[in-house]
Amino acid sequence: MDGIIISRTKDTENFDHFRNVLNTGTPIVFFDRTCHGINTDKVVIDDYKAAYEATEYLIKTGCKNLLHFSGPENLKISSKRMWGFADALKKNNFPFNENLIIKADSFDEGRKMIFKLHKENKLPDGLFTVNDMTAAGAMSALNELKIKIPEEISVFGFTNGIISQITSPSLSTVEQNGHLMGYTAAEILINKIENETNDVLTKILPTKLIIRNSTRHL
């Protein structure tokens, strides 16, 4: 093969196989989920900034008690989204502690956590999730519990895939620009193959908030 475009899985912790590929002279371009310590081309977004803006939007629309459903700590995208959430709270003079970060990064985990929080009488009025599938799971549970979205709880996702348009209500989320990310990664890889360049690029793509009906409007 002439080159590889890779987004690592959330469970990958040993990166030796990627290093072995690079050592053969085969170029790699990482997108979205990158690997710390591997010096190769990357196409990413500013996860911290996007999470900060999403959390601040929830605050501006009147949310007072916020939680974040986070992904694995070994993923850079998860930690950056977590810190964006935390810093938005701190800047807006909201108290912050580790109990506001809850590991839940799938549809099933989002559902289970909502039922658990409801049973413990600890539901927030604003929820920022690490991805849209987790948000969809949370909203599924909230609908089952007959808790009104966004009147009682606002929910904000991250990705803007098709799932965000078919949830009930439609999901406010961060546009991750998946199509542009793939296009840019391919463009970088083709240029590297054709020109045999050794330059290492990190391309940071823009994001934007997509406001739908799972959050209150400004």
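The values are calculated or read from the model by the stated rules, or taken from the named source; none is laboratory data. Everything numeric here is computed off the predicted structure, so don't read it as measured data. Cβ placement follows ideal geometry from the backbone for every residue including glycine, while neighbour counts extend to all protein chains displayed.
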Using the structure shown, decide if residue 51 is assigned to a helix (DSSP H, G or I), hydrophobic (A, V, I, L, M, F, W, C), surrounded by 19 or more Cβ atoms within 10 Å (Cβ to Cβ) and touching a Lys or Arg at 6+ places or on another chain (Cβ under 8 Å). yes
Could you look through region 12-48, keep only residues that are touching a residue at least 24 places away in the same chain (Cβ under 8 Å) and of a type in the set (D, E, K, R), and pick out the one that is surrounded by the fewest Cβ atoms within 10 Å (Cβ to Cβ)? 13
Has region 108-130 got at least one residue that is crowded, with 16+ Cβ neighbours inside 10 Å, under 23 Å from residue 36 (Cβ atoms) and in contact with a Lys or Arg (Cβ under 6 Å, 6 or more places away or on another chain)? yes
Which listed residue is under 21 Å from residue 48 (Cβ atoms) and touching a helix residue (DSSP H, G or I) at 6+ places or on another chain (Cβ under 7 Å), from 67, 75: 67
Tell me the residue from 87, 108 that is within 18 Å of residue 58 (Cβ to Cβ), part of a helix (DSSP H, G or I), at pLDDT 95 or above and of a type in the set (D, E, K, R), please. 87
State whether one or more residues within region 82-99 are within 19 Å of residue 36 (Cα to Cα) and of a type outside the set (S, T, N, Q). yes
Within region 62-75, can you find the residues that are surrounded by 17 or more Cβ atoms within 10 Å (Cβ to Cβ) and either assigned by TED's automatic domain parsing to the domain that holds residue 9 or more than 12 Å from residue 105 (Cβ to Cβ) (or both)? 63, 66, 67
Residues of region 119-133 satisfying the condition of being more than 23 Å from the chain's Cα centre (by Cα) and outside any loop (DSSP other than H, G, I, E, B): 119
Residues of region 156-167 being surrounded by 14 or more Cβ atoms within 10 Å (Cβ to Cβ) and among the aliphatic types (A, V, I, L, M), in sequence order, are 163
Scan 58, 67 and give me the residue that is at pLDDT 95 or above, assigned to a strand (DSSP E or B), closer than 23 Å to residue 128 by Cα and touching a Gly at 6+ places or on another chain (Cβ under 9 Å). 67
Just give me the residues in region 119-161 being among the hydroxyl-bearing types (Ser, Thr, Tyr) and under 10 Å from residue 171 (Cα atoms), in sequence order. 154
Being among the polar types (S, T, N, Q) and either crowded, with 17+ Cβ neighbours inside 10 Å or farther than 30 Å from residue 141 by Cα (or both) is the filter here, so list the residues in region 168-205 that pass it. 172, 173, 176, 177, 184, 191, 195, 197, 198, 202
